[in-house]
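To start, the structure under review is shown below, and the notes come after it.
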Amino acid sequence: MNLRPRKSQRPPNSMSSPTIFLPDELIVEVLSFLPVKTLMRLRSCCKSWNSLVSNPLFVKSHLQRSTQNPNFTLGRTLCRVDTSVLPISFDRFIESSCSSKPITLTNDPYYSLKDKDCSNVVGSYNGLICLLGYSFKSDEMWFRFWNPATRTISDKLGHFCSIPYSYDLTFGYDNEKDTYKVVNLYRGAKIFSLGDNTWRNIQSFPVEDHQLSCDGVHLRGIVNYLAIRNYYSHSSYDCKDLTVEQFVIISLDLGTETYKYLLPPRGFVEVPFIKPSICLLMDCLCFSHVVKKTHLVIWKMTDYGVQESWTQLRRIDLQIIDYNLEKKFHSRWLPLHLSKNYDALVLANDSEELPVVYNLIDHSVKRTRIINGERWWHYIKNYSESLVLCE
């Protein structure tokens, strides 16, 4: 394939610099570093570049580079009017907190979806955002898969009749079948596959006798849920009468559509007064919990599925990061991102609008301000720009 754009015509006697020819392999390499928005514009340069941008091998290559620099992404949804995203690199977020300079954002119409029938964000993976739509008249619900970077969106998919909350749904990717799936844990367990556009029951999935975490954590084709066995309370978390042995992690393989149990770290020996959480840091499953109401302890499973590989990653003094302790109000902290050189940790909690940055070297805390003028933005996990198709 000739990837060189057609040369422009020059007057016969005009002066011109020597033509430099680049190998096609180098052109592909250079283009794979460009943002999706730029690549979409470059498609008009020549037919070969237009073909390259949609080539599955190039799409995967570009995706690998994109996911190496994860974003802190804000989303906004105005029911059936406007759905927008604002990607901010975690590096920029951390840099802004260290310099005490606010991040100024402006709405970019390029990343907006107008007048669509989906307004709830289920989740994001590989640059696709799964949106949930509904009809009050028929109690019918459906999905659309949206790629904000390529400005493409799928047709309505996965129709079903019920009114589950969006946090009963988890969006993920099946590595084996190279397709996207949605797990629905509302009144049972079902899984929808984009590949065949059908719902299937997950046999004997332990929904009835377990209280599962709201959000599943997706790791290499497996969705992980923090669960409490034999816990039937429909109210908020209450640590009374619970034992450490009741806490488990349920891992659902999206390829085989089967599940297994993982146990928390052996160092988890006391039921905390705030519900523990699981997350993903540096491509490893992590488990975090509060100890003695004074410290947040984060564990990392260095070898996924191996109980003995749990290692303590950090132990953070809550007096440093949580100013609400002075008011005798305790926040639930969730780790979002660990910097590549292990010197900064981004944490979110349920009482502050934006995450904080905890310096792991000097143990200081910085809070970043984002200037936008609108307050109904929310955080979207796992979003990275990509060229992945919505179909």
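The values are calculated or read from the model by the stated rules, or taken from the named source; none is laboratory data. Quantities reported herein were computed from a predicted structural model and do not represent experimental measurements. All Cβ positions, even for glycine, are placed from backbone atoms using ideal geometry, and neighbour counts span all protein chains on display. We work out accessible area using only protein heavy atoms, side chains counted, and drop any ligands, DNA or RNA first. Shrake-Rupley method; radii C 1.70, N 1.55, O 1.52, S 1.80 Å.
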Given points 7 Å out from each Cα along the Cα-Cβ axis, report the N197 to Y342 separation in nanometres with one decimal.
4.9 nm
D241 to R65: extension gain in nm, 0.36 nm per residue of separation minus the Cα-Cα distance?
58.6 nm
Expected vector for the stretch 276-290, Karplus 3J(HN,Hα) from phi with 6.51, -1.76, 1.60 and θ = phi - 60°, integer Hz, x for Gly and Pro, equals x, 8, 10, 7, 10, 10, 6, 6, 10, 6, 10, 10, 10, 7, 8
Taking a ≥ b ≥ c as the square roots of the eigenvalues of the Cα gyration tensor of the stretch 203-286, is the shape rounded (a/c under 1.5), prolate (a/b larger than b/c) or oblate?
oblate
Please state, to two decimals, what the Cα-based radius of gyration of the stretch 23-68 comes to when divided by 2.2 N^0.38 Å (N = residues).
1.04
Students often get this wrong, so check it: of K37/K340; K60/K381; K137/K381; K275/K366; K47/K177, which have C-alpha atoms separated by over 23 Å?
K37/K340; K137/K381; K275/K366; K47/K177
Amide H partners (placed H, <5 Å) of S386, local residues excluded
A149
Once R0 is set to 35 Å, what does the formula 1/(1 + (r/R0)^6) return for the Cβ-Cβ distance between V365 and S112, expressed as a FRET efficiency to the nearest 0.05?
0.55
So for the pair C45, D283, with labels modelled 7 Å out along Cα→Cβ, what separation do we get in nm?
2.9 nm
Subtracting the Cα-Cα distance of D155 and L389 from 0.36 nm times their residue separation yields 83.0 nm
Exposure of S339 as accessible area (Å², to 10), given a probe of 1.4 Å and all protein chains:
10 Å²
May I ask you to evaluate 6.51 cos²θ - 1.76 cosθ + 1.60, the Karplus curve with θ = phi - 60°, for each residue of the stretch 191-208 and list the ³J(HN,Hα) values in order in whole Hz, giving x for glycine and proline?
9, 10, 10, 5, x, 10, 6, 9, 9, 9, 6, 8, 4, 6, 5, x, 8, 5
Please turn the phi angles of the stretch 305-314 into ³J(HN,Hα) values with the Karplus equation 6.51 cos²θ - 1.76 cosθ + 1.60 (θ = phi - 60°), one per residue in order, whole Hz, x for glycine and proline.
x, 9, 4, 6, 8, 5, 10, 6, 8, 8
Name the long-range amide H neighbours of R314: under 5 Å, sequence gap of 5 or more, or other chain; modelled H, no Pro or chain starts.
I298
